[in-house]
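Notes follow the structure.
The values are calculated or read from the model by the stated rules, or taken from the named source; none is laboratory data. What you are looking at is a predicted structure, and each value in this text was computed from that prediction instead of being measured. Here Cβ is always computed from backbone atoms with ideal geometry, including for glycine, and neighbour counts include all displayed protein chains.
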């Protein structure tokens, strides 16, 4: 990860403006398109079959030295693309963030799924070659790393040495779950814990060399070609899918906990106070339910006793008198009166 005390200093200018290369790429065609910033109607690099011009970037991000505070808005969650590539000439006056995306910070709060960490719009589907910004339909955190031999200037290394170099370069850009190098295919996969770090690392490590200053080939690093960093296809293994699902659920829960802890005024006693309140609520509700049960039982007993008393009175020898109805005479009494 980057330096932990970057909040205590201003972001520095990574390079001078005079160090920037020309905005017009080398001529490889007959017509230059100002909208796409490339030459057309040619057969050189960038046109025709060889449409992927590979090079080694002269700039590289150093998180420990370059991270710092900028003039960005307090609610800004967009990172500087040129900072990630190691060539921001503005420094502390930049309107975007100049640090590595961190875990349990505001970097992941309120971020849109349709934009990457640099504020660029994503697409519904990946490109055919898995390059570009990415897809908003898939929360991808795994990168494909190609061009390893050319990035080493054909220097021979063991697989474990290559994995260690990849870890040395990619780990400062975010927490990594695993790194796997495939010797037979000469490629590697770097899986980050968070997709935002994968987005950042994809731009930071594209066209970078795997050589380090201690290598004797270091002075000739510009003669090779840089790393080819793309999005990796999703692992079809059902066990891996289940692990990713469980991990994302756990990450969402942890994120919500961190948000509640940060914005609750009594954040220091959230867990203990909440637990005590739940216990008290449960005990109070239990006592209340017991009291209601007793009242209902007594009410049923009283009703049952009343019904038994009514039944015993009905079975007794003395019958209660029937109510008299005035203004009514039976037919027998009328006939007896007529006979008299």
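A search for C-beta distances below 8 Å between a residue of the stretch 167-190 that is under 13 Å from residue 148 (Cβ atoms) and any residue that is part of a loop (DSSP other than H, G, I, E, B), counting only pairs 6+ apart in sequence or on different chains, returns 169/208; 169/210; 189/232. I'd like the full set of residues that are within 20 Å of residue 60 (Cα to Cα) and either part of a strand (DSSP E or B) or under 22 Å from the mean Cα position of the chain (by Cα) (or both), limited to the stretch 134-163. If the condition is that a residue be within 20 Å of residue 60 (Cα to Cα) and either part of a strand (DSSP E or B) or under 22 Å from the mean Cα position of the chain (by Cα) (or both), then 143, 144, 145, 146 are the ones that fit. Considered as a group, the residues in the stretch 5-25 that are at pLDDT below 80 and in contact with a strand residue (DSSP E or B) (Cβ under 8 Å, 6 or more places away or on another chain) include one that is surrounded by the most Cβ atoms within 10 Å (Cβ to Cβ), and that residue is 25. For the stretch 98-116, check the following and say yes or no: at least one residue is over 16 Å from the mean Cα position of the chain (by Cα) and not in a helix (DSSP H, G or I). Scanning the stretch 98-116, I find at least one residue that is over 16 Å from the mean Cα position of the chain (by Cα) and not in a helix (DSSP H, G or I), so the answer is yes. In the condition set (1) outside any helix (DSSP H, G or I); (2) without any contact (Cβ under 8 Å) to a residue 40 or more places away in the chain; (3) surrounded by 21 or more Cβ atoms within 10 Å (Cβ to Cβ), residue 209 is compliant with all but (2).
I'd like the full set of residues that are within 28 Å of residue 218 (Cα to Cα) and at pLDDT below 85, limited to the stretch 54-76.
Result: 54, 55.
Applying the criterion of being touching a strand residue (DSSP E or B) at 6+ places or on another chain (Cβ under 7 Å) and closer than 12 Å to residue 12 by Cβ to the residues of the stretch 67-87, the residue that is surrounded by the fewest Cβ atoms within 10 Å (Cβ to Cβ) is 69.
For the stretch 164-179, a residue qualifies if it is surrounded by fewer than 17 Cβ atoms within 10 Å (Cβ to Cβ), at pLDDT 95 or above and either within 20 Å of the chain's Cα centre (by Cα) or more than 22 Å from residue 84 (Cα to Cα) (or both), and exactly one does: 171.
Pick from the stretch 116-133 the residues that are touching a residue at least 12 places away in the same chain (Cβ under 8 Å) and more than 19 Å from residue 205 (Cβ to Cβ): which of them is surrounded by the most Cβ atoms within 10 Å (Cβ to Cβ)? Residue satisfying both the conditions and the ranking: 122.
When the stretch 212-221 is filtered for residues that are over 29 Å from residue 101 (Cβ atoms) and surrounded by 15 or more Cβ atoms within 10 Å (Cβ to Cβ), the ones remaining, listed by number, are 215, 217.
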